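The values are calculated or read from the model by the stated rules, or taken from the named source; none is laboratory data. Being a predicted model, the structure only gives us computed values, none of them experimental. As a convention, Cβ positions derive from the backbone with ideal geometry for all residues, glycine included, and neighbour counts pool all protein chains shown. Accessible surface is based on the protein model in full, side chains and every heavy atom, while ligands, DNA and RNA are left aside. Shrake-Rupley method; radii C 1.70, N 1.55, O 1.52, S 1.80 Å.
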Amino acid sequence: MRKTIDTTNLMIGYRRRSSGYNGSISRPINVSTASGELVALAGPNGVGKSTLLRTLAGLQKQVDGRVYLCGKSIGDYTRRELARVVSFVSTEIVHIPFLRVFDMAAMGRYPYTSQTGRLNIEDKFRIMDALEQVGIHHMAWRTVDTLSDGERQRAMIARTLVQDTPVVLFDEPTAYLDLVNKYEMLALLKRLAYRQNKTIVYSTHDLSLAVHTTDKLWLMINACVYEGAPEDYQIQTTIRQAFEGTNIEYNRSTGDILPRATMSNEIEVYTRQDARLIRSALARLGYHCVLNPGKSHGNLPKIKYAAKKNEVQIEYSFGKQQEVFTSFYDFGQFIKTARLTPVQGEVLETATTATANGA
């Protein structure tokens, strides 16, 4: 696999010629990509993800350092040559009246046409082939303003396929999509990267989605960019550190991001089955799960958990109190009304008991 993007001590930001202001918003960035890779650029709002992508696309000058695309410095390309090497899709929604899907995709052929921009038979074939690859060839003659968010993103991807560049950059391609369309969009990007040997880099706020779907992460935090596979130690450590002091935590073994338990209480859970659901439910309710302890602690509540097809059974016991639940909702309602002391985990009273005593 050939190296497609390579940066050396890259500093991104904005420069003002009049005042000589050097507005760097990053420390030196040294990252690279290879052909056939899907790379996620993840990080919080305002950290500079869009600025980095625009710099890599040649849409704005770097403050310092070097950017190499396919082995050549980005400054050595003419605008026309650069348009044949890298394509860029922003988050901005296209609002051009009467613009057809075919015509939007056709914009990708302009780096290859004459000054008149006239399309030949081969160009038109490429356009229809790209629309078919992204699954919207039957919408070719519809106007873009009649498309859904997911269909519009597919039309933008078709434009990049028509442009036929080895490097494709997307600024938050899943920003306006629902959960199903997010996964379908990333599956499409991965398929295109693998089958057409392209480098596809996209920015995202959804770190959990990126961890499960991409080949490499560029993790942008505190003006630094950390690079590696989602499972690499440095990436895992950086992700965990990023969530310190927040209300969420990163599960290294599953790659999931879950609500952080806000109480010091623990509940013992006994099960021979996958415990992810019961663990997630307890974390959401503010409790730590002690899974299948070798030695029971007498002062902790206990849960026996079992699930069969569409049924679930949760047996709760603490002291003389025993309850059985057949849904996570009912179990959650009980846990929320059963107040536990932060030190010993002792059940003080339930809402129903308090009501009975008050009566």
>> Quick check: net charge around ILE278, other residues with Cβ under 13 Å of its Cβ, Lys/Arg +1 and Asp/Glu -1?
In response: +3
>> With bins 10 Å wide starting at 0, give me the P(r) of segment 58-173 over every alpha carbon pair, in whole percents.
In response: 13, 42, 32, 12, 1
> Nearest 10 degrees, 0 to 90: what angle lies between the long axis of helix 121-133 and the longest principal axis of the chain (Cα atoms)?
Replying inline: 0
> Hey, rough spin-label estimate for SER32 and ILE93, points 7 angstrom out along Cα→Cβ, what's it come to in nanometres?
Replying inline: 4.1
> Roughly what angle does helix 149-163 make with the longest principal axis of the chain, taking Cα atoms, 0 to 90 degrees, to the nearest 10?
Replying inline: 40
>> I'm checking a number: the convex hull volume of the Cα atoms of segment 119-241, normalised per residue, in Å³. What is it?
In response: 124
> Just the accessible area per residue of segment 166-291, please: how many Å² with a 1.4 Å probe?
Replying inline: 47
> Where Lys and Arg each count +1 and Asp and Glu each count -1, what net charge lies around ALA83 among other residues with Cβ under 13 Å from its Cβ?
Replying inline: +3
> Whose amide H sits under 5 Å from the amide H of GLU249, counting only residues 5 or more places off or on another chain, with H placed in the peptide plane?
Replying inline: LEU258, ARG260
> Calculated FRET efficiency, MET128 and ASN310, Cβ-Cβ r, R0 56 Å, to nearest 0.05?
Replying inline: 0.80
>> Multiplying the sequence separation of SER148 and ARG276 by 0.36 nm and subtracting their Cα-Cα distance, what value in nm do you get?
In response: 42.6 nm
> For LEU59 and ARG284, what is the calculated FRET efficiency with R₀ set at 41 Å and r taken between the beta-carbons, to the nearest 0.05?
Replying inline: 0.45
>> As a quick test, which of the pairs LYS216/LYS304; LYS182/LYS309; LYS49/LYS336; LYS216/LYS302; LYS61/LYS216 have an alpha carbon distance above 30 angstrom in this structure?
In response: LYS216/LYS304; LYS49/LYS336; LYS216/LYS302
> Which of ILE221, VAL167, TYR233 sits closest to the plus end of the dipole of segment 157-259, meaning its Cα is farthest towards the positive end, when Lys and Arg get +1 and Asp and Glu get -1 on the C-beta?
Replying inline: VAL167
>> Just to compare against my own numbers: the Cα pair-distance distribution for the chain, 10 Å bins, whole % per bin, please.
In response: 5, 20, 24, 19, 14, 11, 6, 2, 0
> If one takes the longest principal axis of the Cα atoms in the chain, at what angle in degrees, from 0 to 90 and to the nearest 10, does the Cα axis of helix 328-337 lie?
Replying inline: 60
> Using the Cα gyration tensor of segment 174-293, with a ≥ b ≥ c the square roots of its eigenvalues, what is the shape: rounded (a/c below 1.5), prolate (a/b larger than b/c) or oblate (neither)?
Replying inline: prolate
>> Quick check: at a probe of 1.4 Å, how many percent of the accessible area of segment 79-194 sits on carbon and sulfur atoms?
In response: 53
> Charges only on Cβ, +1 for Lys and Arg, -1 for Asp and Glu: so what's the dipole of segment 75-168 about the Cα centre, in debye to the nearest 20?
Replying inline: 200
